[in-house]
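Beneath this line is the structure, given in structure tokens, with notes to follow.
Computed from the coordinates by the stated procedures, all read-outs in this text should not be read as laboratory data. Everything quoted here is computed from the prediction, not taken from an experiment. Positions of Cβ are generated from backbone atoms using ideal geometry, with glycine treated the same way; all protein chains shown enter the neighbour counts.
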Amino acid sequence: MGSGEAYVAINGISLIIGEGQFVSIMGPSGSGKSTLMHILGALDTVTTGTYLLKGKNITSYTQDELAKIRNKDIGFVFQSFNLLPRTSVFKNVERPMIYAGIKPQERKERVMHALELVGIADKVNNLSNQLSGGQIQRVAIARALIMNPAIILADEPTGNLDSTTSHEIMTLLHDLHEKGSTVAVITHDEKIASFAHRKIQILDGKITKDEGTGF
């Protein structure tokens, strides 16, 4: 790559993820999958091209508008969990609703419902540093669900977990998909990708394989 050339992370990708699909996006380090995830998650914007989310063209949204989209329409689950340490499970899951101005009583009901869905309602008052890795990831999934997002975006969600716990977390994401959630998992692990009903592979910024229906 010459000194004056721009680096193109993803190039000429055309991708539609349908409502209610369970998709894995695979590729080695440097393939462009992280850039694609950042675009899907409204964390980055495309330099050329268009991104439609729920039929809305959000390509030229301001940073404030994108922040609102991220809070309302996209539920993030990261490898590093991204929970507030030494803060209760309740407060971690509640946080997106505070930003959205939802009233306290509704916040409480929604937190408990989300924690029941992920199987850790009994840990509601625990601090996040009193939980196992698998429990922490369940809290992160509950937080991702709390705003009823259009899509749950999971970036290497089992990267810090042992194989048994990884299987439990992916089974939970699969169950959420069965209940109607749209789920996209970014991974380099074939076993994790195999939980999805549609597998997309990326190499050198291009889609090299797209198999399955996603449903």
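Yes/no matrix, rows are residues, columns are (1) out of contact with any Lys or Arg (no Cβ under 7 Å at 6 or more places or on another chain); (2) in contact (Cβ under 8 Å) with a residue 12 or more places away in the chain; (3) at positive phi; (4) not acidic (Asp, Glu):
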{"site": "GLU109", "(1), (2), (3), (4)": "yes, no, no, no"}
{"site": "ALA114", "(1), (2), (3), (4)": "yes, yes, no, yes"}
{"site": "ALA121", "(1), (2), (3), (4)": "yes, no, no, yes"}
{"site": "GLN135", "(1), (2), (3), (4)": "no, yes, no, yes"}
{"site": "ARG138", "(1), (2), (3), (4)": "yes, yes, no, yes"}
{"site": "ILE152", "(1), (2), (3), (4)": "yes, yes, no, yes"}
{"site": "THR187", "(1), (2), (3), (4)": "yes, yes, no, yes"}
{"site": "GLU190", "(1), (2), (3), (4)": "yes, yes, no, no"}
{"site": "GLY212", "(1), (2), (3), (4)": "no, yes, yes, yes"}
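I'm trying to understand the selection: among the residues of the range 136-164, which are of a type outside the set (A, V, I, L, M, F, W, C) and buried (at least 18 other Cβ atoms within 10 Å of the Cβ)?
Going residue by residue through the range 136-164, those that are of a type outside the set (A, V, I, L, M, F, W, C) are 137-138, 143, 148-149, 155-160, 162-164.
Of everything in the range 136-164, those that are of a type outside the set (A, V, I, L, M, F, W, C) and buried (at least 18 other Cβ atoms within 10 Å of the Cβ) turn out to be GLN137, ARG138, ARG143, PRO149, ASP155, GLU156, PRO157, THR158.
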Taking the range 177-215 and keeping only residues that are assigned to a helix (DSSP H, G or I) and basic (Lys, Arg), one is left with LYS191
ARG86 meets each of (1) under 14 Å from the mean Cα position of the chain (by Cα); (2) among the basic types (Lys, Arg); (3) under 29 Å from ARG110 (Cα atoms) with one exception, condition (1)
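Could you check, for the range 165-176, whether at least one of its residues is outside any helix (DSSP H, G or I) and buried (at least 17 other Cβ atoms within 10 Å of the Cβ)?
no
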Checked against (1) exposed (fewer than 12 other Cβ atoms within 10 Å of the Cβ); (2) touching a residue at least 12 places away in the same chain (Cβ under 8 Å); (3) more than 29 Å from GLU190 (Cα to Cα); (4) polar (S, T, N, Q), SER80 satisfies every condition except (3)
